[in-house]
Amino acid sequence: MKSQINNFVSDFFFEYETQRQVLVRNRRVGVVCRLIQLGVLGYIIGWVFIYEKGYQSTDTAVSSVFTKMKGVGYTNRSGLEQIWDVADYVFPSQGDASFVVMTNFILTENQTMGKCPELPGKDNCSTNAECEEGRFKRTGNGHMTGLCLKQTGTCEVLAWCPVENDATIPDPPLLMSAENYTLFIKNSITFPLFNVNRSNLVEGIDGKYISKCLYHPDNDPLCPIMRLGDIVKFSGFNFTTIAKVGGAIGILVDWTCNLDWAERHCKPFYTFHGLYGNPGETDKARASVGYNFRYAKHYMEEGQAKRTLIKVFGIRIDIIVRSLAREFDIIPTLTAIGSGVGIFGVATIVCDLVLLYVLPKREFYKNMKYKYTDAYQQGSEEQDSEEGSTKKEADTIEKEAAKE
């Protein structure tokens, strides 16, 4: 018993087991094997490491955006001159990453709460029965009183009177001067995984530079001050067309950084995209073109509540931050290498399938690859027999290879 235990311990610690291998000299199988291995190697180097950068870990940024518009607009409506500043034409108040710059408008002044005729086409009628009291249309301006006014051929409504008439949009746009407004973007990002903080006011951008620069994709690609007319042009819109009925533009701030290089090389890249409501499109089937909304300025006059209703047509600006940072990391590197080494086993599997199931001499290769035995026997006779058999198999393989 003691001897068996000693033998077991000795075998466990001082013996090494390895698989038996068969060397097959076959040109076709050898070429297939090398082609598969080269393909796997190209995949690992070209796709995993170069294209996908599998040797790096990645992180996305936590971002904050601050904006500020500057510029003064001028209108002259029927001899009434008016100056418009940022408090008048930016909605909501400044600072958001999404806002609207007014470029055109329709004013309905001195509205009071009362009864007045609906606009033609909204609630046409010929008898009072067609103006059911308390009913209202979704596209109408108020509740029906039950009266049909013969003078206008429309129903009387309880609403803010006179009701808004927006059938005619001012053309050319009233605030064409908006083309020269400027937008200042301040963007800060943090990559928590790498503890890296960056701002779009990168190295070399100071107060003196900002006071003179104006963004241009070729001449000043890092300037954070952009002319509204240029933003529209870079996004593919025509300013006169979009200013009339409004639209939406996305400014994409792209932070794609390779932190294996110095942090100063991590810089933003600006692109501009029309999001929706492009008035230049000729698709007449669209349900809504442009971008607009309404707001009212309420006031009291001689004890009566009044308001001025403004229908605003404008350019909606959405600033979108996209980020991806990469840096070398030993863990994904080893993972990529390990998976690549595992894929190399595909060549062995394919070649085994070809040898054992495709080639004409597949039975011969199967006998060379697998050794069948019924029982395990000890003794010098078995060892001598095994050595003789191994030598005989080797000679047979060389002869068969020579024949091929």
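The values are calculated or read from the model by the stated rules, or taken from the named source; none is laboratory data. If you're wondering where the values come from, they're calculated on a predicted model, not measured in any experiment. A quick note on method: Cβ atoms are made from the backbone with ideal geometry, for glycine too, and the neighbour counts reach across all protein chains shown.
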Looking at (1) buried (at least 21 other Cβ atoms within 10 Å of the Cβ); (2) in contact with a Gly (Cβ under 8 Å, 6 or more places away or on another chain); (3) touching a residue at least 60 places away in the same chain (Cβ under 8 Å); (4) not acidic (Asp, Glu), find the lone condition where Thr182 falls short.
(1)
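Quick one: is Thr145 hydroxyl-bearing (Ser, Thr, Tyr), touching a Leu at 6+ places or on another chain (Cβ under 8 Å) and surrounded by fewer than 20 Cβ atoms within 10 Å (Cβ to Cβ)? Reasoning before the result, please.
Values: hydroxyl-bearing (Ser, Thr, Tyr): yes; touching a Leu at 6+ places or on another chain (Cβ under 8 Å): yes; surrounded by fewer than 20 Cβ atoms within 10 Å (Cβ to Cβ): yes.
Taking the combined requirement at face value, the residue satisfies it.
Residue by residue, here is whether (1) in contact with a Pro (Cβ under 7 Å, 6 or more places away or on another chain); (2) within 30 Å of Asn258 (Cα to Cα) holds:
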residue: Gln4; (1), (2): no, no
residue: Glu15; (1), (2): no, no
residue: Gln21; (1), (2): no, no
residue: Arg25; (1), (2): no, no
residue: Cys33; (1), (2): no, no
residue: Gln37; (1), (2): no, no
residue: Val40; (1), (2): no, yes
residue: Ile44; (1), (2): no, yes
residue: Ser57; (1), (2): yes, yes
Determine if the range 229-240 includes at least one residue that is polar (S, T, N, Q), surrounded by 19 or more Cβ atoms within 10 Å (Cβ to Cβ) and assigned to a loop (DSSP other than H, G, I, E, B).
yes
Could you tell me whether the range 321-338 includes any residue that is at pLDDT 80 or above, surrounded by fewer than 17 Cβ atoms within 10 Å (Cβ to Cβ) and among the charged types (D, E, K, R)?
yes
So in the range 271-303, with the set limited to residues that are of a type in the set (S, T, N, Q) and surrounded by fewer than 10 Cβ atoms within 10 Å (Cβ to Cβ), which one is modelled with the highest pLDDT?
Ser288
Filtered residues of the range 185-200 (kept if touching a Ser or Thr at 6+ places or on another chain (Cβ under 9 Å) and free of Cβ contacts under 8 Å to residues at least 24 places away in the same chain):
Asn197, Ser199
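If a residue has to be part of a strand (DSSP E or B) and among the β-branched types (Val, Ile, Thr) to count, how many in the range 143-177 make the cut? If you could, list the steps in order and put the result at the bottom.
Pass one, the range 143-177, residues part of a strand (DSSP E or B): 143-149, 154-161.
So of that shortlist, the ones also among the β-branched types (Val, Ile, Thr) come out as 145, 154, 157.
Residues in the range 143-177 being part of a strand (DSSP E or B) and among the β-branched types (Val, Ile, Thr): 3 in total.
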Count, please, the residues in the range 77-92 that happen to be surrounded by 10 or more Cβ atoms within 10 Å (Cβ to Cβ) and in a helix (DSSP H, G or I).
3
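Could you identify the single residue in Leu147, Leu107 that is more than 30 Å from Phe239 (Cα to Cα) and either at pLDDT 85 or above or β-branched (Val, Ile, Thr) (or both)? Can you show your working first?
Values: Leu107 fails: more than 30 Å from Phe239 (Cα to Cα).
Exactly one residue qualifies, and that residue is Leu147.
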Look at Ile349 and say whether it is modelled with pLDDT of 80 or more, under 30 Å from Ile50 (Cα atoms), under 33 Å from the mean Cα position of the chain (by Cα) and in a helix (DSSP H, G or I).
no
Checking Asp260, Asp218 in turn, the sole residue that is part of a loop (DSSP other than H, G, I, E, B), touching a residue at least 40 places away in the same chain (Cβ under 8 Å) and over 21 Å from the mean Cα position of the chain (by Cα) turns out to be Asp260
